[in-house]
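Notes follow the structure.
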Amino acid sequence: MWRSYSAAQPGSSPSGFPSSAGPYGPGSRASFELGDDDSRTPISATNGYLRASSGQSPFGQSDLVDSEEAAQAYLAWQENHPCALTHFELFKAAVDGKRLAVFLDYDGTLTPIVSNPDDAKMSEEMRNVVRAVARAFPTAIISGRGREKVEAFVQLKELFYAGSHGMDIAGPRVVNGSSNGGSCNGRTSGEFQAAFQPAAHFRPLIDDIFEQLKRRLKDVPGSSVEHNNFCVSAHFRNCPGEAWQDVISTVEDVVSEHEDLRMTRGRKVVEIRPKVDWHKGTALSHLVEALGLSQQPDVVAIYVGDDHTDEDAFRTLEETRQGFGILVSTRPKPTRARFTVRDPACVQVFLSGIVEWAKSKSNGWHANPCCNGWSATLTGSGLMGNPREEPAGAAAVAAGTL
């Protein structure tokens, strides 16, 4: 018999996770609560800058004051993690003359966070931009979702995909640039030997865990269970009041029965994963190696993501000096990312900006436009033609005119 649900008490949080008294004061909350993605604070972004909304606050005068304080805290935080749009010149300086490899999260990065995970559909505008990115740079999506589900959402055969937090990796369904007939380091362009499932032997157990959670959470209002091939997600975004506590405790109980499983958290979701030394960071390194780009001084990898699990990729890039991360967040938080953007709309503008940059002489792929499994196919005045001088500066990117 489930408890009757009421509003959660201020400061309450699931057991085992940080309380609301986080590093940014008593108002900050853990990402699985309202904190990371609620829209309560009436702050808007214009060309990458924050400003407090003018006019009457729908939440009252105290919330308007809070919004001004939040805006100042965000701007102070960006002194250490500059906006990739307003400081696009800094980004270009970091990749000048380099061969760029692009790695992207999906939920909260290429599409907004939604109440129903099955509704996280990519917009056609974002799809077109990501397609252009994949034609200019080797591009992969690394998601906690099942790989097939992400592929169905994205609908782009040119990409590399890594699902289940990188535990299910596959190369493009089509060969980019097969018309080139070129080669890279002795290999024919288009060759990619990196289909990889490091946790394949856990699949029967994960299937059983999925059925257990569906059965045990069926009476918890607002909860949902998602099978992601090599991990299982228990969502509580739509749970009323304190119902999320039953989701957490149920997952904890299930994990406690299996010494080879562990629980991790995300944005209003907890997940059960195998205890394997594999995460988004190791998946990124695996892909860089498979592409033949590891230990190459002219290669810079970037990873764009919004979630707690994306910090593994940010940390890997920082520690290996292979590149850097870009965090998608409307709130200040501890991160290993070098740059930030606010939301998926800003991600789209940023990606449009690097597509334009790809056409310039600063792009290192002009000298050797292919690697294992990928060849540049950006047309027009881009990689398949002659490189041009770069006309688009930071102001154009920040204004969203690219």
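Out of Arg336, Arg331, one residue alone is touching a Lys or Arg at 6+ places or on another chain (Cβ under 6 Å) and in a loop (DSSP other than H, G, I, E, B). It is Arg336.
Contact annotation: no residue pair with Cβ atoms under 8 Å, 6 or more positions apart or on different chains, pairs a residue in segment 130-155 that is without any contact (Cβ under 8 Å) to a residue 12 or more places away in the chain and basic (Lys, Arg) with a partner that is in a strand (DSSP E or B) and open to solvent by 10 Å² or more (accessible area, probe 1.4 Å). For segment 87-109, filtering for residues that are part of a strand (DSSP E or B) and not small (Gly, Ala, Ser) leaves 6. When segment 336-359 is filtered for residues that are within 18 Å of Leu284 (Cβ to Cβ) and crowded, with 20+ Cβ neighbours inside 10 Å, the ones remaining, listed by number, are Ala337, Arg338, Phe339, Val347, Leu351, Ile354.
Got at least one residue in segment 360-368 being at pLDDT 90 or above and buried (at least 23 other Cβ atoms within 10 Å of the Cβ)? Scanning segment 360-368 turns up at least one residue that is at pLDDT 90 or above and buried (at least 23 other Cβ atoms within 10 Å of the Cβ). For segment 133-164, the tally of residues that are in contact with a Ser or Thr (Cβ under 8 Å, 6 or more places away or on another chain) and farther than 30 Å from Ile272 by Cβ stands at 3. Restricting segment 297-328 to residues that are assigned to a loop (DSSP other than H, G, I, E, B) and over 24 Å from Tyr74 (Cβ atoms), the residue that is most open to solvent (accessible area, probe 1.4 Å) is Arg321. Considering only segment 74-114, how many residues are farther than 21 Å from Phe137 by Cα and of a type in the set (Gly, Ala, Ser)? Residues in segment 74-114 being farther than 21 Å from Phe137 by Cα and of a type in the set (Gly, Ala, Ser): 2 in total.
Yes/no matrix, rows are residues, columns are (1) at pLDDT 95 or above; (2) over 13 Å from Ser164 (Cα atoms); (3) open to solvent by 60 Å² or more (accessible area, probe 1.4 Å); (4) part of a helix (DSSP H, G or I):
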| site | (1), (2), (3), (4) |
| --- | --- |
| Leu205 | no, yes, no, yes |
| Leu213 | yes, yes, no, yes |
| Glu226 | no, no, no, no |
| Phe230 | no, no, no, no |
| Arg265 | no, yes, no, no |
| Ile272 | no, no, no, no |
| Gln295 | no, yes, yes, no |
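The residue of segment 136-191 that is surrounded by the fewest Cβ atoms within 10 Å (Cβ to Cβ), among those that are at pLDDT below 90 and at positive phi, is Gly186.
The values are calculated or read from the model by the stated rules, or taken from the named source; none is laboratory data. Note that the structure is predicted; figures quoted are calculated from it, not measured. FYI the Cβ positions are ideal-geometry reconstructions off the backbone, even for glycines, and counts take in every protein chain you see. Heads up: the accessible areas ignore ligands, DNA and RNA and are worked out on the full protein's heavy atoms, side chains in. Shrake-Rupley method; radii C 1.70, N 1.55, O 1.52, S 1.80 Å.
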